[in-house]
1. Specify which of the listed residues (89, 80) is surrounded by fewer than 19 Cβ atoms within 10 Å (Cβ to Cβ) and under 25 Å from residue 31 (Cβ atoms).
2. What is the residue count in the stretch 56-67 for residues that are over 12 Å from residue 145 (Cα atoms) and without any contact (Cβ under 8 Å) to a residue 60 or more places away in the chain?
3. For the stretch 55-82, which residues satisfy the criterion of being within 14 Å of the ligand (Cβ to nearest atom), in contact with a helix residue (DSSP H, G or I) (Cβ under 8 Å, 6 or more places away or on another chain) and part of a loop (DSSP other than H, G, I, E, B)?
4. Working carefully through the options 94, 85, find the one that is over 11 Å from residue 38 (Cβ atoms), modelled with pLDDT of 95 or more, near the ligand (Cβ under 7 Å from one of its atoms) and assigned to a loop (DSSP other than H, G, I, E, B).
5. Considering only the stretch 124-140, how many residues are within 8 Å of the ligand (Cβ to nearest atom) and either closer than 20 Å to residue 49 by Cβ or touching a strand residue (DSSP E or B) at 6+ places or on another chain (Cβ under 6 Å) (or both)?
6. Restricting attention to the stretch 102-111, does a residue exist that is within 11 Å of the ligand (Cβ to nearest atom), within 13 Å of residue 146 (Cα to Cα), surrounded by fewer than 14 Cβ atoms within 10 Å (Cβ to Cβ) and free of Cβ contacts under 8 Å to residues at least 40 places away in the same chain?
7. Looking at the stretch 98-123, which of its residues are modelled with pLDDT under 95 and under 18 Å from residue 52 (Cβ atoms)?
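The values are calculated or read from the model by the stated rules, or taken from the named source; none is laboratory data. Only a predicted model underlies this, so the values are computations on that prediction, with no experimental measurement involved. All Cβ positions, even for glycine, are placed from backbone atoms using ideal geometry, and neighbour counts span all protein chains on display.
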Ligand code: HEC
């Protein structure tokens, strides 16, 4: 009888553990799993923000472009395609903001939070102490604008 109980435990115990890990693997690769893990750590008030509280005027976009050039291009690339000089040596590649299927996983509010806090799971550094809230929103405005046509002049 005792042996049956032990056998039952051996079979049943790993079940919830396996089930818990399962959700991530359905998403696809490890990169995606990391992104979803980041999402779980972002407070609700940022998760639901589908636009920035700073109007994306051309002034905001210009400021964002300038901040992007000085702080972000080393990893995310000059045009935000995730191909900056530091990207080559990174295991988890910096985001390509032109890849909509990928970048849309995070709402504007989530992007703002990520820029401020960084992400342990995917290796994005935190800029909360270096950049003021307005600067971080300018950056989000700029990033979400990137895949649209006619944004090249922002880089000049
Ligand atoms: C040291 C390299 C590095 C630097 C510098 C860097 N990032 Fe990242 N960033 C990453 C990596 C790696 C990821 C994780 C990949 C992902 O989420 O697809 C990431 C992810 C992100 C994301 C979430 C992904 C998405 O598509 O929304 C945002 C937003 C972002 N970075 C913005 C910025 C901004 C803005 C700057 C400059 C202020 C910056 N990053 C500087 C490496 C970097």
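1. On the way: 80 fails: surrounded by fewer than 19 Cβ atoms within 10 Å (Cβ to Cβ).
Residue meeting the stated conditions: 89.
2. Taking the stretch 56-67 and keeping what is over 12 Å from residue 145 (Cα atoms), we get 59, 63, 66-67.
If we keep only those that are without any contact (Cβ under 8 Å) to a residue 60 or more places away in the chain too, we end up with 59, 66.
Summing the residues that are over 12 Å from residue 145 (Cα atoms) and without any contact (Cβ under 8 Å) to a residue 60 or more places away in the chain in the stretch 56-67 gives 2.
3. 72, 77, 78, 79, 80, 82
4. Values: 85 fails: near the ligand (Cβ under 7 Å from one of its atoms).
None of the other options fit; the residue is 94.
5. Within the stretch 124-140, residues that are within 8 Å of the ligand (Cβ to nearest atom) and either closer than 20 Å to residue 49 by Cβ or touching a strand residue (DSSP E or B) at 6+ places or on another chain (Cβ under 6 Å) (or both) number 6.
6. Yes, the stretch 102-111 contains at least one residue that is within 11 Å of the ligand (Cβ to nearest atom), within 13 Å of residue 146 (Cα to Cα), surrounded by fewer than 14 Cβ atoms within 10 Å (Cβ to Cβ) and free of Cβ contacts under 8 Å to residues at least 40 places away in the same chain.
7. Those that are modelled with pLDDT under 95 and under 18 Å from residue 52 (Cβ atoms): 100, 103, 104, 105.
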